[in-house]
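Visitor: So that we are looking at the same thing, I have put the structure below in structure tokens.
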Amino acid sequence: MSVELRHLRSFVAVAEELNFTRAAARVHLAQQALSTQISQLEQLVGARLFNRTTRKVELTAAGHALLERIPALLEGIDGALAAAASAGRSETGALGVGLLATAPLDFTPRLLRAFAEARPGVSLSIRNYPFDDPSGGLHDHRTDVALVWMPFTTDGLVCEPLFEDPRMAVLAADHPLAGRAELEASDLVNEPIVWVHDMDPVARDFWTLTDHRADEPAQIGARVTGFEDLFAAIRAGRAVAACPSSVVAGLPFADVVVRPVRDLEPAWVAVCRRADDENPSANAFVQTAIALRDEPDCAEPPKTS
């Protein structure tokens, strides 16, 4: 027989209570079973740990020596077990994933598949968000992680850039600018542009080309909430837009054209989570995205299917 945790826990209970009745209740044992465990431990140690009389229980010198070391040992074991349990829980549970106009990217299903293979016990809840929430549900705690387009206001978030992607002009096929092979930002700033109500100001300035307007206000051609509205407005000739190339590559509309814009800064895709969120699955999702980004075949911006 060897020393077991039950022997040590029983010993600590008796040593701290100095009463076998109270100690037995504390460790949920019958008093006789507790006495048997103490006797077994004394045999294993080779010394008496308690002096017992009908009136009192006292620690011996051997008992004092053991009591100096055992509580810290038990605390370490309990901590290790708790850490293991926490790690085990991180393999299960639920994770809310927000997508902000990133569902069409090839990278998105690859990431979701890679994470599901790495953490098969984690249930994913995936939701697309409209343009007025560029955080993909993170700011109001509706999601745990998000795959989004940057830039936007990232206060309280940790964002890991994944890919840069040039912005392209998206125009109706009969628009006067559609016949040109390449445009400049100055060609677009006087055109009616799509507009998102209550959009994050950093994101709005970026997508409406504020830096190229010389303080002139944008002319609003159509108010939109997502890509369906945006493309409908463009096809109707109501507005133009600057969109990521990987979103608008291969659009199925014969009445829409996409043109490069020489002097527009690129957008970029990022995976984000809240800085104060200790959910290990959220961090694992971010690390999966980084690992996938760093694979050789992911060196180029993600393309649509």
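Every number here is computed from the coordinates shown, using simple stated rules; none is lab data. Everything numeric in this text was worked out from a predicted model, so none of it was measured. Note that each Cβ is placed from the backbone with ideal geometry, even for glycine, and that neighbours are counted across all protein chains shown.
Visitor: Suppose R0 equals 35 Å; then what is the FRET efficiency for L5 and R142 from their Cβ-Cβ distance, rounded to the nearest 0.05? Numbers along the way, then the final one.
Guide: Values: r = 43 Å, r/R0 = 1.23.
Computed FRET efficiency for L5 and R142: 0.20.
Visitor: Go ahead and run the numbers for FRET between R127 and D263, Cβ-Cβ distance against an R0 of 45 Å, rounding to 0.05. Numbers along the way, then the final one.
Guide: Details: r = 35 Å, r/R0 = 0.78.
Rounded to the nearest 0.05, the efficiency is 0.80.
Visitor: Which residues in the stretch 1-45 have a backbone N closer than 19 Å to a point placed 7 Å from the Cα of R55 along the Cα-to-Cβ line?
Guide: Answer for the stretch 1-45: 18-21.
Visitor: Something else: Treat each spin label as a single point 7 Å out from the Cα along the C-beta direction, and report the T225 to H197 distance in nm.
Guide: So the label points at T225 and H197 sit 0.9 nm apart.
Visitor: Next up: Counting only helical runs of four or more DSSP H residues, what would the 222 nm mean residue ellipticity of the chain come to if each run contributes -39,500 (n - 2.57) and the total is spread over all its residues? List each step's numbers first, then the result.
Guide: Working: 10 runs with 115 residues, N = 305.
So the helix-based figure for the chain works out to -11500 deg cm²/dmol.
Visitor: Take every DSSP beta bridge with both residues inside the chain and express the antiparallel ones as a percent of the total, to the nearest 5. Show your work: numbers first, answer last.
Guide: Numbers: 27 of 43 bridges.
Taking every DSSP beta bridge within the chain, about 65 percent pair in antiparallel fashion.
Visitor: Still on this structure: Could you list the square roots of 5 times each eigenvalue of the Cα gyration tensor of the stretch 243-284, that is, the equivalent ellipsoid semi-axes, sorted largest first and rounded to whole Å? Please list the in-between numbers first.
Guide: Values: eigenvalues 243, 41, 8 Å².
Working through the eigenvalues yields semi-axes of 35, 14, 6 Å.
Visitor: Next question, about the same structure. Report, in degrees rounded to the nearest 10, the 0 to 90 angle that the Cα long axis of helix 61-90 makes with the longest principal axis of the chain.
Guide: 30 degrees
Visitor: Quick one: check the C-alpha center-to-center distance for the stretch 11-57 versus the stretch 235-253, whole angstrom.
Guide: Going from one Cα centre to the other spans 78 Å.
Visitor: Amide H of F131: which non-local residues (sequence gap of 5 or more, or other chain) have their own amide H closer than 5 Å, using H built in the peptide plane?
Guide: Under 5 Å from the amide H of F131 lie the amide H atoms of G226, each far enough along the sequence or on another chain.
Visitor: Would you look at the GNM of the chain, springs on alpha carbons closer than 10 Å, and say which of T154, T36, T288 moves the most?
Guide: Top of the fluctuation ranking is T36.
Visitor: Please state the charge dipole magnitude for the chain, taken about the Cα centre, from unit charges on C-beta atoms (+1 on K and R, -1 on D and E), reported in debye and rounded to the nearest 20. The partial results should precede the final answer.
Guide: Details: 28 positive and 42 negative charges, 393 e Å.
I would put it at about 1880 debye.
Visitor: Cα axis of helix 280-293 to longest principal axis of the chain: angle in degrees, 0 to 90, nearest 10?
Guide: It is inclined by approximately 50 degrees.
Visitor: If we sort 48-59, 11-22 on the protection proxy, mean other Cβ atoms within 10 Å, highest first, what's the order?
Guide: Details: 48-59: 12.8, 11-22: 17.9.
Ranking, from highest mean packing down: 11-22, 48-59.
Visitor: Here is a follow-up. How large is the charge dipole for the stretch 167-260, taken about the Cα centre, if only the Cβ atoms of Lys, Arg (+1) and Asp, Glu (-1) carry charge, to the nearest 20 debye? Numbers along the way, then the final one.
Guide: Details: 8 positive and 14 negative charges, 47 e Å.
Here the size comes out at about 220 debye.
Visitor: So how tilted is helix 31-45 from the main axis of the chain? Cα-based, degrees 0 to 90, rounded to 10.
Guide: With both axes taken from Cα atoms, the answer is about 90 degrees.
Visitor: Taking a spot 7 Å from the Cα of D215 along the direction of its beta carbon, which residues of the stretch 164-193 have an amide N less than 19 Å from it?
Guide: Counting only backbone N, you get 189-190.
Visitor: Something else now. For the stretch 170-305, give me the percentage of DSSP beta bridges that are antiparallel, rounded to the nearest 5 percent. All intermediate terms of the calculation are to be shown ahead of the outcome.
Guide: Working: 4 of 9 bridges.
If we restrict to bridges inside the stretch 170-305, about 45 percent are antiparallel.
Visitor: Same structure again: Given the convex hull over the Cα atoms of the stretch 178-218, what projected area results after averaging over all orientations, in nm²?
Guide: Values: hull surface 13.1 nm².
Over all viewing directions, the stretch 178-218 projects a mean Cα-hull area of 3.3 nm².
Visitor: In nm, to one decimal, how far is the modelled label at D255 from the one at A65, with both set 7 Å along Cα→Cβ?
Guide: Those two pseudo-labels are separated by 9.3 nm.
Visitor: OK, next. List the extent of the Cα atoms of the chain along each of their three principal axes, largest first, rounded to whole Å.
Guide: 104, 37, 27
Visitor: Could you tell me the calculated FRET efficiency between A82 and A275, based on Cβ-Cβ distance and R0 = 22 angstrom, to the nearest 0.05? Present the calculation step by step, with values, prior to reporting the outcome.
Guide: On the way: r = 24 Å, r/R0 = 1.10.
So the FRET efficiency works out to roughly 0.35.
Visitor: Sticking with this structure for a sec: Give me D for the stretch 43-168 in µm² s⁻¹, whole number, from Stokes-Einstein with Rh from the Kirkwood sum over alpha-carbon pairs, 20 °C and 1.002 mPa s.
Guide: Details: Rh = 19.5 Å.
The Stokes-Einstein estimate is 110 µm²/s.
Visitor: So, in nm, how far is label A236 from label A30 when the simple model puts each one 7 Å beyond its Cα toward the Cβ?
Guide: About 8.3 nm separates the two model spin labels.
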